[in-house]
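Student: This structure is in structure tokens; I'll ask about it shortly.
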Amino acid sequence: MKVLVVYWHPEPQSFNGAMFRTACETLARPGNEVKTSDLHEMNFNPVSGRNNFTTVNDPNYFKQQTEEMHATEMKGFSADIESEIEKLEWCDLLILQFPLWWFGLPAVLKGWVDRVFAMGRTYGGGQIYEDGVYRGKRVLLSLTTGGPEEGYSEGVARGDMTAILLPIHRSMQFVGFNILAPQLVYGPVRMTDEEREQQLTTYAERLQNISDEPAIITLA
Ligand SMILES: Cc1cc2nc3c(=O)[nH]c(=O)nc-3n(C[C@H](O)[C@H](O)[C@H](O)COP(=O)(O)OP(=O)(O)OC[C@H]3O[C@@H](n4cnc5c(N)ncnc54)[C@H](O)[C@@H]3O)c2cc1C
């Protein structure tokens, strides 16, 4: 199994950092290959623009998707985008590791999706959902929250976590991924060291068998 772990947190010693390292260490075993994108360490630029491309389709009016189609044809993606797309094309399993920020992906990781999931190369021309470019691949969202678990159920203020994650899951389905159940750690800051260590152990145990784990949402 080829695994790509894409991670963002501004502090390497964070609990997210520990989750990231747990995934990398657990999955690095015979039969697996692991690649990573540590977006903070890479100083990944999340801002889309002409910097996404080495080619220009229309110099007078910048339309990202048109430039993406042109870059797909002309091999014109910037080096930072090209290398991320190649990692996505390579992997069987994508893991996104992040803290929930404002009920969604933190900006750098959102910017990674905005720039890397490019029209032409990643979707388009009828290649969406069950006909998506990444059909057969699986994605796992691994995230932490500040709020406690009881605050994330239907009918309470923060709302149902399934609904909060739906836009991210839907984006991944759009390009063809099957969706694994998310790995959720609610409020690690409220836990004891022992409880946090138990969370890491539970995650590592899950990852031991991840190659056989069925998706919760399957497209094909
Ligand atoms: C801009 C912004 C928006 C936010 N929006 C939301 C939101 O919409 N909803 C929400 O619920 N929350 C929100 N939060 C809170 C955020 O989601 C949490 O602070 C975050 O998920 C906690 O994860 P962390 O990795 O930052 O934890 P940290 O604070 O880094 O870690 C928690 C504790 O774990 C310890 N730790 C680290 N490594 C280990 C290890 N190996 N073993 C044991 N302990 C360890 C750390 O030392 C620390 O004491 C927001 C925060 C910000 C800044």
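Student: Modelling each spin label as a point 7 Å along the Cα-to-Cβ direction, I'd like the Ala181/Asn32 distance in nm, to one decimal.
Tutor: Spacing of the two 7 Å Cα→Cβ label points: 1.8 nm.
Student: Over the chain, with the other protein chains present, what is the accessible area per residue in square angstrom, probe 1.4 angstrom?
Tutor: 49 Å²
Student: So which GluC sites (Glu not before Pro) in the range 1-68 end up in coil per DSSP with only 13 or fewer other C-beta atoms within 10 Å?
Tutor: Counting only loop positions with at most 13 other Cβ atoms within 10 Å, the GluC sites (Glu not before Pro) in the range 1-68 are Glu41.
Student: Continuing with the same structure: Based on DSSP, what percent of beta bridges with both residues in the range 93-220 are antiparallel, to the nearest 5?
Tutor: 20 percent
Student: Tell me the Kirkwood radius of the range 2-212: reciprocal of the mean inverse pair distance over distinct alpha-carbon atoms, in Å.
Tutor: So the Kirkwood estimate lands at 18.1 Å.
Student: To the nearest 20 debye, what charge dipole does the range 1-74 have about its Cα centre, counting +1 at the Cβ of each Lys and Arg and -1 at the Cβ of each Asp and Glu?
Tutor: Its charge dipole is roughly 180 debye.
Student: Take each of the peptides 79-85, 55-61, average the number of other beta-carbon atoms within 10 Å over its residues, and list them starting from the highest.
Tutor: Result, highest mean first: 79-85, 55-61.
Student: Let me ask another. Aspartates and glutamates within cross-link reach of Lys75: Cα-Cα under 19 Å, excluding same-chain residues under 8 positions apart?
Tutor: Of all the aspartates and glutamates, those that pass the test against Lys75 - Cα under 19 Å, at least 8 places apart if same chain - are Asp58, Glu67, Glu84, Glu86, Glu89, Asp114.
Student: For the chain, with only Lys/Arg (+1) and Asp/Glu (-1) charged at the beta-carbon, what is the dipole magnitude about the Cα centre, in debye rounded to 20?
Tutor: 380 debye
Student: When the accessible area of the range 2-212 is split by element with a 1.4 Å probe, what percent falls to carbon and sulfur?
Tutor: Of all accessible area on the range 2-212, carbon and sulfur atoms account for 51 percent.
Student: Another question, if that's okay. Taking 7 Å along the Cα-to-C-beta vector as the label spot, tell me the Leu166-Asp92 distance in nanometres, rounded to one decimal.
Tutor: For the pair Leu166/Asp92, the computed spacing is 3.2 nm.
The values are calculated or read from the model by the stated rules, or taken from the named source; none is laboratory data. Just so it is clear, the structure is predicted and the values come from calculations on it, not from any experiment. FYI the Cβ positions are ideal-geometry reconstructions off the backbone, even for glycines, and counts take in every protein chain you see. Accessible surface is based on the protein model in full, side chains and every heavy atom, while ligands, DNA and RNA are left aside. Shrake-Rupley method; radii C 1.70, N 1.55, O 1.52, S 1.80 Å.
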